[in-house]
Amino acid sequence: MVPMNTRITHLTLLIAVTLTATPVLGVPNSFFGNGIIVIPAHPRFNSNLTREVLSAKHWDQNQFPGPWEKETALADFEVKRMSANPTLFGAVPDSVRAYSENNELHEITITFLDAGSFFGFKAGGEKSHSDRLAGADRRSEFNQLYRRLTENLRMRLEQGCGPGKQNIAGRSDLLRQVYTDYQWENFTLRLATRDQHSVSLHIFRDQSAPRSFIDPDWAPLSPSERTNRLKKNVRHSDQGDLYLENIPMFQQGHTPFCGIHSLAMVGHYYGLRIKTADLAAGAEFRNTGSARGSNMLNLYHAAAKEIDMKVSVSSRFDPRRAERALEAGLPIIVWRRVSEEREKAHQTQSLAALPPPNSTQKKSWPARDKKGSPSHASVITGINLERNEIIFTEPWGDHARDRRMRFEEMEATAYAAFYFKW
């Protein structure tokens with residue numbers, strides 16, 4: 001189940017702030033401008049912060065103006081998102097995120113256009129003829145905006161930095177990303193465009209721009225060294241829980257990308273540094289508000305191959321197999337059938353042991369083999385064999401961590417379980 005999309009469906013015209021033609025601290029005038037930008041309705045922070053995101057002082061202090069909120073915070077990894085979006089590089093973006101590791105800022109990602117949030121979640125996809133007509137109009141509108149943003153940003157960057165250098169990341173066809181790097185003073189400005197999916201600008205300090213999707217700290221490690229590192233995340237509680245720490249949170253928001261964000265969370269834990277928009281593009285979503293028709297299975301295999309792992313898929317959930325994986329420090333992704341009633345029940349559970357289900361409760365569980373019924377992707381992060389309970393996390397924010405479910409319900413509702421291994 002994914003959250004209902006309460007987002008305003010019509011577009012809002014947003015006019016960028018008018019700036020003086022006087023150069024500002026050496027930042028090229030072309031980076032600013034007065035473009036009329038059409039984006040999905042988001043809160044607006046009515047200021048132009050282009051100069052600030054290119055300030056060495058702000059990068060050194062890891063402090064920037066504007067309203068920010070944490071999306072995930074682990075011992076050595078933090079993601080912050082602007083809760084209202086400013087004008088940046090002549091446009092009002094869809095989202096702005098700052099990524100830090102070991103208390104040091106290493107990337108600012110400005111996503112100007114993202115198919116997931118643009119189209120939002122639509123239960124069941126486009127069911128009727130009118131839905132399909134409206135969807136076609138939206139896709140046409142998206143494609144026009146994609147071309148407009150791509151041309152505008154490329155022009156601004158070339159005027160301010162000169163010609164960019166094209167590079168490629170990703171080893172598989174599904175994940176391969178062609179991008180253009182522009183150099184301005186001590187910054188790399190990386191323009192990444194994915195047709196029908198996203199337009200984003202990634203800002204790095206000059207020497208820190210990555211050339212692959214593999215964490216440089218993980219890349220030289222052997223499989224045994226990676227395994228030993230992951231085992232350090234395994235914990236045991238007094239109440240019999242076996243659980244994993246240090247799994248990041250990437251929030252799917254109002255998108256149909258639960259399987260994408262779950263994969264991004266697990267992939268990051270395994271050393272894969274790839275943004276959710278790139279994963280979604282690799283899955284070839286059809287932008288209908290639903291995941292139907294996407295190439296998710298092959299994407300999971302491609303993501304595993306990118307970091308020299310393998311993934312095996314089981315059509316049933318096996319608690320004993322899950323225990324062995326978790327003991328090795330390996331989280332599991334499950335695709336399962338869901339209902340609003342059951343998700344509310346999981347949300348309100350306490351740490352007290354869950355009672356065995358009765359026949360009435362079992363009848364309320366959505367059947368795993370009912371194709372076409374609502375489904376959702378979750379990350380299994382723990383297990384309690386004494387209490388027959390699974391501990392799982394949803395890609396909805398830190399409030400959705402460490403939920404619990406009886407083995408019987410997971411076995412009855414899960415129709416795919418993904419086990420990663422070296």
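Details
- Within the range 75-93, the set of residues being under 16 Å from the mean Cα position of the chain (by Cα) and crowded, with 22+ Cβ neighbours inside 10 Å comprises just one member, MET82.
- Search result, residues across the range 176-197 that are within 24 Å of PHE285 (Cβ to Cβ) and modelled with pLDDT under 95: ARG176, GLN177, VAL178, ARG194, ASP195, GLN196, HIS197
- Residue ID - least open to solvent (accessible area, probe 1.4 Å), chosen from residues in the range 213-241 that are of a type in the set (Ser, Thr, Tyr) and assigned to a helix (DSSP H, G or I): THR227
- Complete set of residues in the range 53-99 that are among the β-branched types (Val, Ile, Thr) and either in contact with a His (Cβ under 8 Å, 6 or more places away or on another chain) or in a loop (DSSP other than H, G, I, E, B) (or both): VAL92
- Figure legend. Inter-residue proximity from the range 117-145: first residues without any contact (Cβ under 8 Å) to a residue 60 or more places away in the chain, second residues open to solvent by 50 Å² or more (accessible area, probe 1.4 Å), beta-carbon distance below 8 Å, spacing 6+ or different chains. Indicated pairs: ASP131/LYS122; ASN143/GLN196.
- Hits in the range 116-150 (condition: open to solvent by 50 Å² or more (accessible area, probe 1.4 Å) and part of a loop (DSSP other than H, G, I, E, B)): LYS122, ALA123, LYS127
- Filtered residues of the range 191-203 (kept if farther than 16 Å from MET155 by Cβ, open to solvent by less than 20 Å² (accessible area, probe 1.4 Å) and not small (Gly, Ala, Ser)): HIS197, HIS202, ILE203
- Test: residue in the range 272-285 that is open to solvent by 10 Å² or more (accessible area, probe 1.4 Å), of a type in the set (Ser, Thr, Tyr) and touching a helix residue (DSSP H, G or I) at 6+ places or on another chain (Cβ under 6 Å): yes
- Residue within the range 390-405 that is assigned to a helix (DSSP H, G or I), out of contact with any His (no Cβ under 9 Å at 6 or more places or on another chain), over 22 Å from ARG226 (Cβ atoms) and open to solvent by 30 Å² or more (accessible area, probe 1.4 Å) present: yes
- Checking each residue in the range 312-348 for being open to solvent by 10 Å² or more (accessible area, probe 1.4 Å) and under 19 Å from PRO223 (Cβ atoms) picks out SER312, ARG324, ALA325, GLU327, ALA328, LEU330.
- When residues of the range 363-386 are limited to those that are modelled with pLDDT of 95 or more and surrounded by fewer than 16 Cβ atoms within 10 Å (Cβ to Cβ), the one nearest to the chain's Cα centre (by Cα): LEU385
The values are calculated or read from the model by the stated rules, or taken from the named source; none is laboratory data. On a predicted model such as this, the values are computed, not experimentally measured, just so you know. A quick note on method: Cβ atoms are made from the backbone with ideal geometry, for glycine too, and the neighbour counts reach across all protein chains shown. To get the accessible areas, we keep the full protein, side chains included, count just its heavy atoms, and leave off ligands, DNA and RNA. Shrake-Rupley method; radii C 1.70, N 1.55, O 1.52, S 1.80 Å.
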